[in-house]
Amino acid sequence: MFLSATGKILQCERIDHDFVLGYVHAGHVELDCKFIAEFHNHYITKCMELCIDCAASRNCPQCVYDISDIREDKPQCNGFCSKEKIDHNEEQTLDFLREHPEYYEKILKTVSIRY
């Protein structure tokens, strides 16, 4: 969450101030949970067709509010990946690790995954 100098409550500091969720005033916080849910679902729904066909949808790095044309009827997701692109990226990663086994060893020794 991000609170602007003018009292706007936003999802984070990197998105357009048009996507305000609420306001902080001198004596109270103004939040409408129903509005926030409808607002967020409106933008998520716009991208759902793309997500269905995206090979990266399970590990999506794309913030819906950071899609340049999200206000349009059919936005184009910057993070959309075809299966071929994912396969290509994975192959490049494996090639790199084969060429640099010291990095592979470092990953095995230092990286832990928590759920």
TODO: Write out, first by first residue and then by second, each pair whose Cβ atoms fall under 9 Å of each other, whose residues are 6+ apart or on separate chains, and whose first residue, in the range 16-32, is under 12 Å from F2 (Cβ atoms) while the second is of a type in the set (D, E, K, R) and part of a loop (DSSP other than H, G, I, E, B).
DONE: L21/D32; G22/D32
Open item on the list: Can you report the number of residues in the range 33-69 which are surrounded by 14 or more Cβ atoms within 10 Å (Cβ to Cβ), farther than 18 Å from M1 by Cα and not hydroxyl-bearing (S, T, Y)?
Closed with: 9
Open item on the list: Quick check on my filter: what residues within the range 80-99 are out of contact with any helix residue (DSSP H, G or I) (no Cβ under 7 Å at 6 or more places or on another chain) and not acidic (D, E)?
Closed with: C81, S82, K83, K85, I86, H88, N89, Q92, T93, L94, F96, R98
Task: Matching entry among Y104, Y65, Y43 (being free of Cβ contacts under 8 Å to residues at least 24 places away in the same chain and among the hydroxyl-bearing types (S, T, Y)) - done: Y104
Open item on the list: Can you name every one of the strands (runs of 3 or more DSSP E) wholly within the range 4-57 that holds 1 or more residues which are within 17 Å of the chain's Cα centre (by Cα)?
Closed with: 8-10
Open item on the list: If I go through the range 58-93 residue by residue, how many of them are part of a helix (DSSP H, G or I) and not aliphatic (A, V, I, L, M)?
Closed with: 14
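We did not get these values from a lab; they are worked out from the coordinates using the rules stated. Worth saying up front: this structure is predicted, and the values here are computed from it rather than measured. Don't worry about glycine lacking a Cβ; one is built from the backbone with ideal geometry, like all the others, and counts go over all protein chains shown.
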